[in-house]
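A.B. asks: Pasting a structure below so you can have a look.
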Amino acid sequence: MSNAELNELKRKYVANGAASPATAFADHAENAEIWDADGNRFIDFAGGIGVLNIGHRHPKVVAAVKAQLDKAMHTCQTVMPYEGYVRVAERLSHLVPVRGHAKVMLANSGAEALENAVKIARAATGRPNIICFDGGYHGRTFFTMAMNGKVAPYQTDFGPMPGTVFRAPYPVDYHGISEDEAIRGLMMALKTDAGPSNTAAIILEPVLGEGGFYPAPTTFLERIRAICDELGILMIIDEVQSGFGRTGKMFAIEHSGVEPDIMTMAKSMADGMPISAVVGTDRLMDASGPNSLGGTYTGSPTACAAALAVMDVFEEENILERSRALGEKLSKRFNQWQARYAFVDNVRHMGAMAAFEMVSDKNTRTPDAELAGALCRKAREEGLILLSCGMYGNTIRFLMPITIEDDVLNEGLDIIESCLESLI
Ligand code: PMP
């Protein structure tokens, strides 16, 4: 079917389908390129929002999934377990830097991992409250939407929210929120709102994803670790967007050396197959009763086969080194743009988790979300998929496959440069 025909079906039959403009429909994809239903080619700098760190349809993942399809597609983990689930658990246990011996539960999406992390934290501590951060994003299920720092559009139509979620500031130096101020806000949320002895967990992203690609300073993470230890609160790190090599290490928290109690992950874990994980210290992961976690599809055999293949690819293809090299290349180009264009500022990257901001005035650092939107729209017209994000809506974020070929990367960056030129 053509893009036009598919848009008509979307408008008519898909929930909210008429609310968004007509768009290109993906037909097939390979590494960092997508072709639409009309045969147009796009360069993919979004990676399905951080899902495709090793590229669309990595051959080793495709082969592993096909092999699993020939054996069994589903038995349900609780009815008759299978090798893939326990092998993913074993490998993640060794890979993830949580405290002590780690155990694993698998789910289907990032939000589900976060929901389960909260359940586990409550079971382990017997406390109800959760503290999360401005700019944080954790999903669209009921509890995770309540944890999101950004209210609209996630919470707008769905109130009331659970009353056990409290929020603290996230440090963003560029926008005047210092680490000390963020810690003061956190202590206030803890002491006056949530209550230390009623707080089960502090949940944060080590690099804000949807909130704008702002890395937390190492000292901020260390201070949260110390606060958690002092007050018997669990530290939960959400690596759904920053994990699996995006930042040049397997997980972003490794840059700090801080060991959380629990970590959540999803997205690039299985190259597009729906799977997520909660990894935590064994004592915590064993805190709730038998059959209290999981669901019909959690850790499905095909998704587990893909996850195992992804972990092989990381071991065999220098993905972490390539992530760091990609980050350097991006940063070099961004720095040129920052020097040349009055509206490009705050260039930053941690490995390939790279971004810059669109501002209307570099002196006042005034975010220009409209200009960021215009850049992404223009890029799309030129065949480049580019995403903006952020609590100020003005961050241009880069989530292309780490495996992107040099010529495709340069072609995409040249498109951005010509779009920036046109915005002068
Ligand atoms: N946590 C973070 C840090 C995320 O970036 C996202 C998705 N953008 C989620 C959780 C939710 O994941 P999902 O959309 O798979 O539910």
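A.B. asks: Yes or no: the range 176-185 includes at least one residue that is in contact with a helix residue (DSSP H, G or I) (Cβ under 8 Å, 6 or more places away or on another chain), part of a loop (DSSP other than H, G, I, E, B) and buried (at least 17 other Cβ atoms within 10 Å of the Cβ).
C.D. replies: no
A.B. asks: Related question: A339 is checked against (1) buried (at least 16 other Cβ atoms within 10 Å of the Cβ); (2) assigned by TED's automatic domain parsing to the domain that holds T23 and fails just one. What number does that condition carry?
C.D. replies: Every condition holds for A339 apart from (1).
A.B. asks: What is the one condition in (1) assigned to a loop (DSSP other than H, G, I, E, B); (2) touching a helix residue (DSSP H, G or I) at 6+ places or on another chain (Cβ under 7 Å); (3) within 15 Å of the ligand (Cβ to nearest atom); (4) over 30 Å from L308 (Cβ atoms) that H138 does not satisfy?
C.D. replies: Only one criterion in (1) assigned to a loop (DSSP other than H, G, I, E, B); (2) touching a helix residue (DSSP H, G or I) at 6+ places or on another chain (Cβ under 7 Å); (3) within 15 Å of the ligand (Cβ to nearest atom); (4) over 30 Å from L308 (Cβ atoms) is unmet by H138, namely (4).
A.B. asks: Among residues belonging to the range 313-326 that are crowded, with 20+ Cβ neighbours inside 10 Å and in contact with a Ser or Thr (Cβ under 8 Å, 6 or more places away or on another chain), point out the one that is nearest to H255 (Cα to Cα).
C.D. replies: In this case the residue turns out to be S323.
A.B. asks: Another question, then. Every residue in the range 78-90 that is out of contact with any strand residue (DSSP E or B) (no Cβ under 8 Å at 6 or more places or on another chain) and either surrounded by 16 or more Cβ atoms within 10 Å (Cβ to Cβ) or at positive phi (or both), please.
C.D. replies: Result: Y82, G84.
A.B. asks: Residue check: is V104 in contact (Cβ under 8 Å) with a residue 12 or more places away in the chain, part of a strand (DSSP E or B) and in contact with a helix residue (DSSP H, G or I) (Cβ under 6 Å, 6 or more places away or on another chain)?
C.D. replies: When the stated conditions are applied, V104 passes them.
A.B. asks: Then there's this: Of all residues in the range 37-49, count the ones that are part of a strand (DSSP E or B) and farther than 30 Å from H138 by Cα.
C.D. replies: 1
A.B. asks: Restricting to the range 250-277, and then to whatever is assigned to a loop (DSSP other than H, G, I, E, B) and closer than 17 Å to E90 by Cβ, can you tell me which residue is farthest from the ligand (Cβ to nearest atom)?
C.D. replies: Quick first cut of the range 250-277, residues assigned to a loop (DSSP other than H, G, I, E, B) only: 250-251, 256-261, 266, 270-275.
Keeping just the survivors that are closer than 17 Å to E90 by Cβ gives 250, 270, 275.
Values: M250: 16, A270: 11, I275: 10 Å.
Applying the filter and picking the extreme gives M250.
A.B. asks: Every residue in the range 25-46 that is aliphatic (A, V, I, L, M), more than 20 Å from P153 (Cβ to Cβ) and touching a residue at least 60 places away in the same chain (Cβ under 8 Å), please.
C.D. replies: Residues satisfying the conditions are A32, I34, I43.
The rows are residues; the columns are (1) surrounded by fewer than 22 Cβ atoms within 10 Å (Cβ to Cβ); (2) of a type in the set (A, V, I, L, M, F, W, C).
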| site | (1), (2) |
| --- | --- |
| H255 | yes, no |
| S276 | no, no |
| M285 | no, yes |
| A303 | no, yes |
| M311 | yes, yes |
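A.B. asks: Of the residues S242, S288, only one is part of a loop (DSSP other than H, G, I, E, B) and within 12 Å of the ligand (Cβ to nearest atom); which?
C.D. replies: On the way: S288 fails: within 12 Å of the ligand (Cβ to nearest atom).
That would be S242, the only listed residue that is part of a loop (DSSP other than H, G, I, E, B) and within 12 Å of the ligand (Cβ to nearest atom).
A.B. asks: Inside the range 287-301, can you point out the residues that are crowded, with 18+ Cβ neighbours inside 10 Å and not small (G, A, S)?
C.D. replies: Once the filter is applied, which keeps residues that are crowded, with 18+ Cβ neighbours inside 10 Å and not small (G, A, S), the range 287-301 yields L293, T298, P301.
A.B. asks: Within the range 147-164, is even one residue aliphatic (A, V, I, L, M), crowded, with 18+ Cβ neighbours inside 10 Å and out of contact with any Gly (no Cβ under 7 Å at 6 or more places or on another chain)?
C.D. replies: no
The values are calculated or read from the model by the stated rules, or taken from the named source; none is laboratory data. As the structure is a prediction and not an experimental result, all values here were calculated from the model. As a convention, Cβ positions derive from the backbone with ideal geometry for all residues, glycine included, and neighbour counts pool all protein chains shown.
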